[in-house]
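The values are calculated or read from the model by the stated rules, or taken from the named source; none is laboratory data. Because the structure is predicted, anything quoted here is derived from the model rather than measured. All Cβ positions, glycine included, derive from the backbone under ideal geometry; neighbour counts span all protein chains shown. Calculation scope for accessible area: heavy atoms of the full protein, side chains included, ligands and nucleic acids excluded. Shrake-Rupley method; radii C 1.70, N 1.55, O 1.52, S 1.80 Å.
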Amino acid sequence: MLKIMTVFGTRPEAIKMAPVVKQLNVTPGLIPVVVVTGQHKEMLQQVLDAFDIEPDYDLSIMHKGQSLTMITTKILTGLDNILKQERPALLLVHGDTSTTMAASLSAFYHHIPIGHVEAGLRTWDLASPFPEEANRQLTDDLTTLYFAPTDLSKQNLIKENHPADQIFVTGNTAIDALHYTVSHDYHHDVLKGIPDDHRIILLTMHRRENQGIPMEQVFRAVRSVAENSPKLDVVYPVHLSPRVQKLAHQVFDGIDNIHLIAPLDVWDFHNLAARSYFIMTDSGGVQEEAPSLNKPVLVLRNTTERPEGVTAGTLKIIGTDYNRVRNAMEELLNDPVKYHQMANAHNPYGDGHAAERIVKICQQYLANN
Ligand code: UD1
Ligand code: UDP
């Protein structure tokens with residue numbers, strides 16, 4: 001029996017690792033061990049509950065307003081004994097958070113091979129997204145098995161001279177997760193107050209490099225459009241980051257058709273996304289999910305590591321400038337041709353069977369090493 005450890009700590013990692021954990025649990029010959037760092041607390045717990053995952057270890061590191069240094073050092077310290085004790089044959093990480101990078105470094109120190117799920121996403125701009133671009137490049141320098149979601153991410157890894165025979169194009173596990181969650185008879189309390197003939201814009205925004213002036217410009221643009229559109233409602237499940245919470249309430253409190261709500265569990269979020277007219281976000285995961293739901297996305301960033309969605313036509317990179325955001329919103333609301341072009345684009349992120357491929361490749365690797 002071979003032990004495979006998965007390590008994750010934030011909401012998006014948990015959502016996209018959940019299908020892998022589920023697949024490991026039903027694969028004979030493997031002993032899965034789940035470690036959560038607790039980089040997120042409530043937002044992680046929502047995902048663990050939704051997918052019914054009981055971690056074997058929880059480092060519980062979250063601290064209100066935590067710094068990057070705090071996250072990294074606590075994870076290195078916390079994982080040290082666990083890796084010494086458990087000695088997994090392979091350790092799986094996901095994406096580009098500080099949990100991803102610190103867990104990879106810890107595995108490297110313990111001579112444990114790393115499988116990186118969602119490897120090869122790049123902007124090649126270390127400032128954007130910060131610190132995620134550095135996190136994923138550093139992780140890929142330490143990785144043995146690269147699970148690239150698309151051909152393009154595979155090409156990115158090859159450009160950096162990572163060995164081609166260790167890179168596997170699997171699709172993105174975000175699509176696997178969507179297969180669990182979306183249902184046709186969805187109801188949520190927030191929808192009760194919104195008349196059926198209103199359009200819903202789903203908004204999320206949290207990135208560190210957007211906090212401050214860029215986020216404020218976006219929020220003011222959204223407020224201005226909402227105030228002038230009687231049949232429009234904006235629903236914003238606000239990330240628990242204190243800086244984001246403060247600004248969202250400062251700009252949006254008192255506007256009747258802007259609904260600030262707590263982070264939704266992933267079932268609610270995916271179904272609300274499916275019910276929305278379009279989405280505005282700086283989230284990575286949401287950019288991957290929207291094409292499968294046929295929803296246009298205005299990306300509130302200047303760069304994206306997900307150009308496949310831009311090429312497919314679902315994503316439009318609009319940045320954070322007040323006028324640009326306002327104009328892009330007005331265009332989607334008022335130009336049905338533009339809207340339908342974006343809404344009917346093709347999903348470039350896979351067929352929803354990425355987790356099966358990933359686990360099979362892990363098994364083959366372990367059988368031969
Ligand atoms: C982190 C990741 C980012 C990812 C995002 C997903 C890093 C450096 N950043 O950013 O890549 O896109 O998660 O959401 O790894 N908080 C709570 N409860 C929670 C979660 C967060 O109160 O369940 C608050 C805490 O005050 C915490 C703060 O949010 O200190 C920020 O959390 P942190 O993980 O440091 O950064 P994120 O912005 O969430
Ligand atoms: N999500 C969620 N509830 C919310 C907002 C987002 O479950 O209230 C999900 C969303 O569907 C996606 C993931 O969380 O799968 C994205 O997480 P986030 O935006 O925090 O991080 P990022 O993807 O930017 O790293």
message: Given the criterion of a type outside the set (S, T, Y), in contact (Cβ under 8 Å) with a residue 24 or more places away in the chain and either assigned to a helix (DSSP H, G or I) or in contact with a strand residue (DSSP E or B) (Cβ under 6 Å, 6 or more places away or on another chain) (or both), identify the matching residue among D141, D80.
response: D80
message: Is it the case, given these coordinates, that P263 is more than 22 Å from P348 (Cβ to Cβ), in contact (Cβ under 8 Å) with a residue 40 or more places away in the chain and under 15 Å from the mean Cα position of the chain (by Cα)?
response: yes
- request: Could you check how many residues of segment 214-232 are touching a Gly at 6+ places or on another chain (Cβ under 9 Å) and of a type in the set (K, R)?
  value: 0
message: Given (1) open to solvent by less than 10 Å² (accessible area, probe 1.4 Å); (2) within 14 Å of ligand 2 (Cβ to nearest atom), identify the lone condition not met by M5.
response: (2)
query: Restricting segment 47-70 to residues that are open to solvent by less than 80 Å² (accessible area, probe 1.4 Å) and in contact (Cβ under 8 Å) with a residue 60 or more places away in the chain, which is farthest from ligand 1 (Cβ to nearest atom)?
result: F51
- request: Look through R275, R324 and report the one residue that is surrounded by fewer than 20 Cβ atoms within 10 Å (Cβ to Cβ), within 22 Å of P12 (Cα to Cα) and away from ligand 1 (no atom under 16 Å from the Cβ).
  value: R275
Subset of segment 225-284 (residues that are of a type in the set (A, V, I, L, M) and under 25 Å from S67 (Cβ atoms)): V238, L240, V244, L247, A248, A262
query: In segment 22-46, which residue that is more than 9 Å from ligand 1 (Cβ to nearest atom) and loosely packed, with under 13 Cβ neighbours inside 10 Å is nearest to E209 (Cα to Cα)?
result: N25
query: Any residue in segment 229-238 that is closer than 27 Å to F51 by Cα, out of contact with any Cys (no Cβ under 9 Å at 6 or more places or on another chain), more than 16 Å from ligand 1 (Cβ to nearest atom) and aromatic (F, W, Y)?
result: no
task: Please work out if G120 is in a strand (DSSP E or B) and either crowded, with 24+ Cβ neighbours inside 10 Å or within 12 Å of ligand 1 (Cβ to nearest atom) (or both).
output: no
- prompt: Going by the structure shown, is H40 out of contact with any strand residue (DSSP E or B) (no Cβ under 6 Å at 6 or more places or on another chain) and within 12 Å of ligand 2 (Cβ to nearest atom)?
  reply: yes
statement: The correct count of residues that are open to solvent by 20 Å² or more (accessible area, probe 1.4 Å), assigned to a strand (DSSP E or B) and more than 28 Å from F269 (Cα to Cα) in segment 144-182 is 1
Selection within segment 251-272 - within 16 Å of ligand 1 (Cβ to nearest atom) and not in a strand (DSSP E or B): A262, P263, L264, D265, V266, D268, F269, H270
